[in-house]
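Presented below is the structure to which this report refers.
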Amino acid sequence: MPPSPSELRALSHASDEELMQRFQADNSEAAYTLLVRRYKSAIVNFLYRFTGNYDDALDIAQETFLRLYRYKHSYNPEQPFSTWLYTIAANLARGFYQRQQRSATIPFSALGSGEDPDEERSWEPPDTQYLPDTRVDTTLIAQRVQAALMQLPPSFREIIILREIMELSYEEIAEITQTELGTVKSRLNRARQRLQELLRDLYEELYGNPSKQP
Amino acid sequence: MSLTPHQPEQLKHLLPEVPVPEDFEQQLWLRRILRELPEAPVPETFEAELLQRLSSERSAPSWRRWVVAAALLLSGSLALWYLLRPGDAPSSAPFRMPEAIPPVVVEPDARFVLPTKPVQPPPPSQRRELPAPAIRKGENRFLPPPEE
């Protein structure tokens, strides 16, 4: 049964962690609803930028909140709630991506060169056949940026989205992606460089070629 | 120690200028454009759909529990019926046991019948003495070495 407005109002000033503790203790539907309301937009946004498909993003976001309900007791109240929730969403997104890739053929050229020691997951093929979802990305610039994001290996894409779009800290990203802090920084650097190369044409179209300018 | 009015100018000349990467502006543009990407909208039905999925998930285990309970009840009652049935129960039981097979009687074979008395060794007079072969010097009684 959905919680009453008065129940929601009573808990509206509680922190995420307090709401989660309340939800763990007495299965408070009001606490759960408030957590969904606080995070649904961020989670859908993160998942959309990762999958590039609005319907898939909504579906995985719902699954994320279902897992939050089902596995509420596995949450440690000393841990920030947002990190825990993003970890669930990121794991689901990765699983979704792997299932998708299993059925797709992998071109040999998509495999990493193996020269880059940071490309731990260079076997992950980027999505080169991406069609922009115009329901979200209505402008041509946004469509081209999203298409460039989809060309990054998922491990790079995940980190650049968490840092540049979701504005999370390096420490939070390390925890969500279950990688070392140094790996997060180096992957982020590589991801930025690649994205810059992929979007060079767009930049030059907008601002001209900087090397040709006086 | 404080600097004289001319010293900051001198310091400025001494310290090299920090170089700015060529693509600094492009890097900045990239980070700005990523932050300006439109937010994916959340449909108004999101929470209602989530609640529906939650309630169907909650009802699924109870449905499964009923199936398991029914199966356990059925198997239990069958086991009870089998244990409590009379000895001459008709063979229409669901788990019919094979009927008793009469034992096969095999005539004892004289060759394999053990002797009743232990066999006595023959008297020493009847024993044939074999001459012990002489052992020559340098000869051994072991088996020859296996062929390579």
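Any read-out appearing in this document is the output of simple, stated calculations on the displayed coordinates, not a laboratory observation. These figures come from a predicted structure and were not determined experimentally. Cβ sites come from the backbone with ideal geometry, for glycine too, and all protein chains shown count toward neighbours.
List of remarks:
- For chain A, projected area of the alpha-carbon convex hull averaged over all directions, nm²: 15.2
- Here, segment A:1-103 has an Rg and a Dmax of 14.4, 49 Å when only alpha carbons are counted.
- Segment A:137-206 and segment B:21-57 have Cα centres spaced 13 Å apart.
- Relative contact order, percent, segment A:1-103 [alpha-carbon distance under 8 Å, six or more residues apart]: 26
- Test item: A:51-57 mean partner chain Cβ contacts at 10 Å: 1
- Folded to 0 to 90 degrees: helix A:181-198 orientation relative to chain A principal axis, Cα: 50
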